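One structure is given below, encoded as structure tokens.
Just so you know, all these numbers are worked out from the coordinates, no wet-lab data involved. These figures come from a predicted structure and were not determined experimentally. Here the Cβ is made from the backbone with ideal geometry for all residues, glycine too, and neighbour counts use every protein chain on show.
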Amino acid sequence: MTEARHHEAHHDDLPFWRRYIFSTDHKVIGIQYGLTSLCFLFFGFCLVMMMRWQLAYPGQPMPWIGKWFGESRMPGGVMAPEFYNQLGAMHGTIMVFLGIVPLAVGAFGNYLVPLQIGAQDMAFPKLNMMSYWVYFCGGVIMLASFFVPAGSAQSGWTSYAPLSVITEPGNTLLRGQTMWLIGMVFLITSSLLGSVNFITTIIQLRAKGLTFMRLPFFVWAQLVTAFLLLLAFPPLEAAGVLQLMDRVAGTSFFLPSGLVVSGKPWVASGGGSALLWQHLFWFLAHPEVYVLILPAMGIVAEVIANNTRKPLWGYNSMVWAVLILGFLSFIVWAHHMFLTGMGTAISSFFQTTTMLISIPSIVILTALILSLWGGSIRFTVPMLFALAFLPMFGIGGLTGLPLGLATSDIQLHDTYYVIGHFHYVVAPGTIFAMFAGIYHWYPKVTGRKLNATLGRIHFWGSLLFINGIFMPMFIQGMAGVSRRLYDGGASYLHAQHVLGLNRMMSVSAWCLALFQIPFVINFFWSLWKGRKTEENPWDATTLEWATPTPPPHGNFATIPTVHRGPYEYSLPGSETHKDFYPQWEPDHVAKARA
Amino acid sequence: MSERHSHDISKHVKIYRAVGAALIVGTIVTVVAANVHLGIAVGIIVALVIATVKGSLVAGYFMHLFSERKLIYGVLGLTVAFVIALVGLIMFSYRDQQGHARGAFPVPQQHVVPHHAEAEHVP
Amino acid sequence: MSAIEIPYNVEERPDTGLYNAKLGVWLFLASEVMLFGALFSAYVLLRVGAENWEHGAEILSIPLGTVNTLILILSSVTMVMSWASLKMHNFARYKLFMGMTLLCALVFLVIKGFEYSAKFHHHLFPSTSTYMAIYFTLTGLHGLHVIGGIIVNGYLWGPGAGMWQTEPQRFTNRIEVAGLYWHFVDLVWIFLFPTLYLLPGK
């Protein structure tokens, strides 16, 4: 038995900055990730609300705030095309890397995984703290890039070469794209450290009796997600270093020979390949989208099981599906590259793996839907968001199919159809699941419940207007409106008849923003005035509900032993509860026999 | 217990020395082989095979991989599979590229006309 | 409230047979395999797509590269011997072997620095050609990893070695984990050396 570290102070005696700023407690770190990522999500949303003005009223000065941005970005209050591109590139980057992943993995994962497996903390608490602060630094660098003279990165969140290389290069770090690359190195490092922590924790620190097939589905989702982050991010880190070299050291990893820019030959050694960037980028970015969705599916599974008072339908198949999904996600990436001149053989390969990967996705979605059948459904606010996730993710997934088939992708690639597709999965998909999680676990973290009326207003308004933004995008996309056009397609001849939808979409975006206000008010008001709850207000079965509320440092007074699976709802056996049998309650039958 | 451990370790020490010697020999062999004109393809294969053998010795004995747990094997196996997928599929897509073929993998193009600035478009 | 005790930091978990840091470092090394694998894939693609590719022996110094390879191999041997010494409870020999490991690492860097400055002197920079670009990037990133290893090993040889007095098994585990990282750095170089220095050009 290892020697306890005598010199380490009792936790309560630690000074404020070590208890709440540089804490190694996974719950504090989880909350840090949560608050930071929610701020970034809000900021990223603001960026797109500005873009939506330009799309709805191209060329018109933005009211009230148009004059804040200076003459180079918004001359006369009218958005310059370069600024539109900056907003677009940073919206994507911030939402994906600074918003959703830190929220889904850093916040929910960090807070809940040790609790759900019956551990006192993560396997490497100091590494956990480092992960957060490296993420924070990466975020600061990304935000700072807005303030350099030529503005932030503006070549899309995908940073395709050669455009990303030739835009304001130079051996200075004060360029938006260069800062983007450095910021990405920080964010990737944070993720890598985090994923090592998650995998080790889940494998090594499970409580006694908690076999793998008794894990809550949320933990399985986090385990697979951690593997995706671990193995898929490094190639992007490598590519980022290569692009940094191209921009700063004048190399030509991604610059082909004979490149001509604005009529003049570009001075570089040449011999590089722009496609190499795309391959390395998408090798990460495709598994990345599964990183965005898997924790969400995990949250929805927990909320559904709890609010139907039934075990999840097909738990085993869900586990196998998520493992297969994780594996396949590494070999589908070039479906983002169907129009780069790839031949038919390689396109067929990627098209096939892409079609195959829809199968485990459908298995998971179907299992979640079937879990509702015969349930005693409680329409709590988390359940509303979890229920909405199902059809919204369904739409997102189905609209992915014509994109994953090489032939139909010819028509749809780089159009608004793609934007509609992926936003459906991430916005009413993942973000709704995040909201479900916040409403569901808020009582555990704070000891108070969020107000249900405000929650319902938040839900219905969000559901309505989020569809108002993204549904018309399919129409625009099929009519041929390309993405990343700063005027929304107004200066082209085709597809003019669908551009009127832009106004409706923009108004929906602004209304969606308004309906987040009840949530923000609710979130902060309930911290002081919310109804206090007991330890297990939702009558849930998983281990996080076995701790005091909020859980103290070290989580469990005594480490629980697990006696059964995670979703024993409406199954007999419990002596203390009528319609559920928590994982930690001792096995009375076995005890009686002994 | 530590006595037995000591014996185990001293056996390992002999192995470490042997592996070290093998690695030195391997290095010399690979440098010598590079000086022999084997042609590009054979030269690459020989160098990679020797490197793989040396790498396996380092991984297997110094990193104790030959006596390691299945879990570690699993993680590494998955990783190697994905590296092969990364390199292999990139190469495959390069080879299967439409249009003008270049490099070490000439692709017979029957239907596609290579684009030059002066070429006429075939109607 | 007492300090948290994370289990399996020192003793192995029965069903996995691993202690936490060992699993952790192997996972980290898996990610490093992907990192260097991606860089190798860049090398392969750039080389295959190039009309001409430099012959390593004409630009780089094979003798220096060979010496560096042998030095790293030696450092791997001394690294594993330093761990073995701790397993045999011989702290003095541990210090000796770890010191030799550090010395080898420093010599490696010195030779590398010499090679780099010779390149610059001959006006060979990363921007000169894709071959030079990938040479500097691959060896530069590898060099950064060597520096990282020097920092970690230096700590474990110096200030960190005090843990041997209070928690000898935990300290031994740390050396094993540091060793795994160091052997990986050696392993990468075993592939880098023939790829960059020895392969014929075209």
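Which of the chymotrypsin sites (Phe, Trp or Tyr not before Pro) found in segment A:47-135 are in a DSSP loop and have at most 16 neighbouring Cβ atoms, other than their own, within 10 Å?
A:Trp64
What chymotrypsin sites (Phe, Trp or Tyr not before Pro) does segment A:456-546 have in DSSP loop regions with at most 14 other beta carbons within 10 Å?
A:Tyr492
If the only charges are +1 at each Lys and Arg Cβ and -1 at each Asp and Glu Cβ, what is the size of the charge dipole of chain A around the Cα centre, to the nearest 20 debye?
The calculated dipole for chain A is roughly 760 debye.
If one takes the longest principal axis of the Cα atoms in chain A, at what angle in degrees, from 0 to 90 and to the nearest 10, does the Cα axis of helix A:501-514 lie?
That helix lies at roughly 40 degrees to the long axis.
Name the chymotrypsin sites (Phe, Trp or Tyr not before Pro) in segment C:74-128 that are in a loop by DSSP and that have at most 10 other C-beta atoms within 10 Å, would you?
Within segment C:74-128, no chymotrypsin sites (Phe, Trp or Tyr not before Pro) qualify (loop, at most 10 other Cβ atoms within 10 Å).
For segment C:47-120 and segment A:531-582, write down the distance between their C-alpha centroids in whole Å.
That distance is 55 Å.
Treating only the Cβ atoms of Lys and Arg (+1) and Asp and Glu (-1) as charged, compute the dipole magnitude of chain C about its Cα centre; round to the nearest 20 debye.
Charge dipole of chain C: 280 debye, to the nearest 20.
As I understand it, the value is the acute angle between the Cα axis of helix A:274-308 and the longest principal axis of the Cα atoms of chain A; what does it come to in degrees, rounded to 10?
Result, in degrees: 30.
Arranged by the count of other C-beta atoms within 10 angstrom, fewest first, what order do C:Ile151, A:Ile457 take?
Taking fewest neighbouring Cβ atoms as first place, the list is C:Ile151, A:Ile457.
For A:Gly118, what charge total do you get from the other residues with a beta carbon under 9 Å from its beta carbon, if Lys and Arg give +1 and Asp and Glu give -1?
For residues surrounding A:Gly118, the net value is +2.
How big is the gap, in Å, between the Cα center of segment A:330-348 and the Cα center of segment A:117-184?
If you average the Cα positions of each part, the centres end up 28 Å apart.
Report, in degrees rounded to the nearest 10, the 0 to 90 angle that the Cα long axis of helix C:20-48 makes with the longest principal axis of chain C.
0
Could you compute the FRET efficiency for A:Asp12 and A:Thr211, with r as their C-beta to C-beta distance and R0 at 35 Å, rounded to 0.05?
0.50
Lys/Arg Cβ at +1, Asp/Glu Cβ at -1, dipole of the protein assembly as shown taken about the Cα centre: which of A:Phe108, C:Val110, C:Leu27 is farthest positive-ward?
A:Phe108
Whose amide H sits under 5 Å from the amide H of A:Val261, counting only residues 5 or more places off or on another chain, with H placed in the peptide plane?
A:Trp266
What does the structure give for A:228-240 when I average, per residue, the other chain Cβ atoms found within 10 Å of the residue Cβ?
Taking the mean over all residues of the peptide, I get 6.
Cut-off is 10 Å between beta-carbons; in what order do A:Ser164, B:Ser56 appear when sorted fewest neighbours first?
B:Ser56, A:Ser164
Any of A:Lys27/A:Lys208; A:Lys310/A:Lys591; A:Lys264/C:Lys119; A:Lys67/A:Lys264 with alpha carbons more than 27 Å apart? Name them for me.
Exceeds cut-off: A:Lys264/C:Lys119; A:Lys67/A:Lys264.
May I ask you to derive the relative contact order of chain A, considering only C-alpha pairs under 8 Å and at least 6 residues apart, and to give it as an integer percent?
It comes to 15 percent, rounded to a whole number.
In debye, nearest 20: dipole of segment B:2-68 around its Cα centre with unit charges on the Cβ of K, R (+) and D, E (-)?
Magnitude of the dipole: close to 140 debye.
In terms of modelled amide H atoms, which long-range or inter-chain residues lie less than 5 Å from the amide H of A:Arg448?
Distant-sequence amide H within range of A:Arg448: A:Thr533.
Note down the relative contact order for segment B:2-68 as a percent, whole number, built from C-alpha pairs under 8 angstrom at least six residues apart.
34
What's log10 of I(q)/I(0) for segment A:287-375 at q = 0.13 Å⁻¹, Debye sum over Cα points only, no solvent?
Here the Debye-derived log intensity ratios amount to -0.50.
Can you list the lysines whose alpha carbon is less than 28 Å from that of C:Lys87, not counting same-chain residues fewer than 8 positions off?
A:Lys126, B:Lys11, B:Lys14, B:Lys54, B:Lys70, C:Lys22, C:Lys95
With a cut-off of 19 Å, note down the residues of segment A:350-391 whose backbone N falls inside the zone around a label point 7 Å from the Cα of A:Arg456 toward its beta carbon.
Once the point is set 7 Å along Cα→Cβ of A:Arg456, A:377-389 turn out to lie under 19 Å by backbone N, inside segment A:350-391.
Under 8 Å for C-alpha pairs, at least 6 residues apart: give me the relative contact order for segment A:434-574, rounded to a whole percent.
About 34 percent, as a whole number.
Can you compute 3J(HN,Hα) from phi for each residue in segment C:133-142, using the Karplus curve 6.51 cos²θ - 1.76 cosθ + 1.60 with θ = phi - 60°, rounded to whole Hz and x for Gly and Pro?
Coupling constants for segment C:133-142: 4, 6, 4, 5, 5, 5, 6, x, 5, 4 Hz.
Using alpha carbons only, how many angstrom separate the centre of segment A:190-223 from the centre of segment A:297-324?
16
Give me A:Phe283, B:Phe66 ranked fewest to most by other Cβ atoms within 10 Å of their Cβ, as a rough exposure proxy.
B:Phe66, A:Phe283
Which residues make up the longest stretch of chain A clear of trypsin sites (Lys or Arg not before Pro) that lie in a DSSP loop with no more than 11 other Cβ atoms within 10 Å, not counting the sites?
Here the longest segment lacking exposed loop sites spans A:209-577.
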